[in-house]
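S.K.: The structure follows.
Every number in this text was worked out from the coordinates using simple rules, so none of it is lab data. Since this is a predicted model, take the numbers as computed values, not measurements. Reconstructed Cβ throughout: ideal geometry from the backbone, glycine too, with neighbour counts over all protein chains shown.
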């Protein structure tokens, strides 16, 4: 019902965490969401921790590179969008005011990736799958269920991402909902006083309980419990290393349909 075997072009499919304190962050997420883990060696003294939920890959975490730590880069979540042909989008990114930070390049046999910034500076990863599609489970409790852009210029972002993915939009109050091929696929929020970024949402059974647990586990509450018009509840929190993300109690978790 919530398991995924393929993602259409333009669909959010994965999120991984780059952490300044991977040991503390791993323990935090495994306890908060009930995740297990599979450690994959990716270099000398380096691992890529793939979290699992109900036997399916659901997210991942790795320690920051030494140069990132020296620069004081903050811990953060990286968001991935599946595309049919990552190489074909490099010129589209540049032509629409974005920046290719690195790639396209193969990630072992898993897939091909390009790391970009939109015109306002929000980072995003484009993913062309080979052996790995991304998350094998979504929307259910403990899984990624939404992705949201914080940006100072929603209008600019809408044009950029439409050129890349063909996304369509619906304005809902102050919130812009993203649709990809008719499927709800995230949102955009205009915020002028924060760094542009994409944030993943993870579904929880009860937001109030999850907020208490975040505090107990050494995390922080950035935005306390809020309620949407449909009754869904959410909060923006930070893990012990400072990476921001949403916890969201959905009124109805939509099943995945292929």
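S.K.: Pairs of Cα atoms under 8 Å, at least six residues apart: use those to get the relative contact order of the chain, whole percent.
M.R.: Values: 605 pairs, mean separation 53.4, N = 258.
Here the relative contact order equals 21 percent.
S.K.: OK, next. Measuring from label point to label point, each 7 Å out along Cα→Cβ, what is the residue 44 to residue 195 span in nm?
M.R.: 2.9 nm
S.K.: Calculate for the chain the 222 nm mean residue ellipticity that helices alone would give, adding -39,500 (n - 2.57) per DSSP H run of length 4 or more and normalising by residue count, nearest 500 deg cm²/dmol.
M.R.: On the way: 5 runs with 46 residues, N = 258.
That comes out to -5000 deg cm²/dmol.
S.K.: Find the Cα radius of gyration of the chain, compare it with 2.2 N^0.38 Å by division, and give the number to two decimals. Walk me through the numbers before you get to the answer.
M.R.: Working: Rg = 17.2 Å, N = 258, 2.2 N^0.38 = 18.1 Å.
Ratio of Rg to 2.2 N^0.38 Å for the chain: 0.95.
S.K.: Of all beta bridges DSSP finds with both residues in the range 144-249, what is the antiparallel percent, to the nearest 5?
M.R.: Working: 27 of 34 bridges.
Beta bridges within the range 144-249, antiparallel portion: roughly 80 percent.
S.K.: Further question: Once every Cα of the range 144-249 carries one equal point scatterer and solvent is ignored, give the base-10 log of I(q)/I(0) from the Debye formula at q = 0.19 Å⁻¹, two decimals.
M.R.: So the normalised log intensities work out to -1.00.
S.K.: Okay, next question. Peptides 221-231, 4-14: what's the order by average Cβ count within 10 Å, highest mean first? Before the final figure, lay out the partial values.
M.R.: On the way: 221-231: 11.5, 4-14: 19.3.
Result, highest mean Cβ count within 10 Å first: 4-14, 221-231.
S.K.: Next question, about the same structure. Take residue 153, project a point 7 Å from its Cα along the Cβ direction, then tell me which residues of the range 74-111 have their backbone nitrogen under 11 Å from it.
M.R.: Answer for this model: 97-98.
S.K.: Of the listed peptides 146-152, 188-194, what is their order by residue-averaged count of other C-beta atoms within 10 Å, with the highest listed first? Kindly include the intermediate steps, with their values, before the conclusion.
M.R.: Details: 146-152: 22.4, 188-194: 13.1.
Most protected by this proxy first, the peptides run 146-152, 188-194.
S.K.: According to a simple spin-label model (label point 7 Å from Cα along Cα-to-Cβ), what is the distance in nm between residue 102 and residue 217?
M.R.: With each label placed 7 Å out from Cα toward Cβ, I get 2.8 nm.
S.K.: Roughly how many nanometres apart are two label points built 7 Å out from the Cα toward the Cβ at residue 90 and residue 171?
M.R.: Going from the residue 90 label point to the residue 171 one covers 3.7 nm.
S.K.: Separate question: List the equivalent ellipsoid semi-axes of the range 11-129 in whole Å, largest first, each obtained as the square root of 5λ for an eigenvalue λ of the Cα gyration tensor.
M.R.: Working: eigenvalues 132, 59, 36 Å².
The three semi-axes for the range 11-129 are 26, 17, 13 Å.
S.K.: Ok, one more. What FRET efficiency, computed as 1/(1 + (r/R0)^6) with R0 = 25 Å and r the Cβ-Cβ distance, is obtained for residue 230 and residue 209, rounded to the nearest 0.05? Walk me through the numbers before you get to the answer.
M.R.: Working: r = 20 Å, r/R0 = 0.81.
Approximately 0.80, to the nearest 0.05.
S.K.: I've got another one for you. Distance between Cα centroids, the range 77-125 to the range 190-219: provide it in whole Å.
M.R.: Centre-to-centre (Cα) distance: 25 Å.
S.K.: What is the fewest-to-most order of 133, 174 by other Cβ atoms lying within 10 Å of their Cβ? Could you put the intermediate results ahead of the total?
M.R.: On the way: 133 18, 174 8.
In increasing order of surrounding Cβ atoms, one gets 174, 133.
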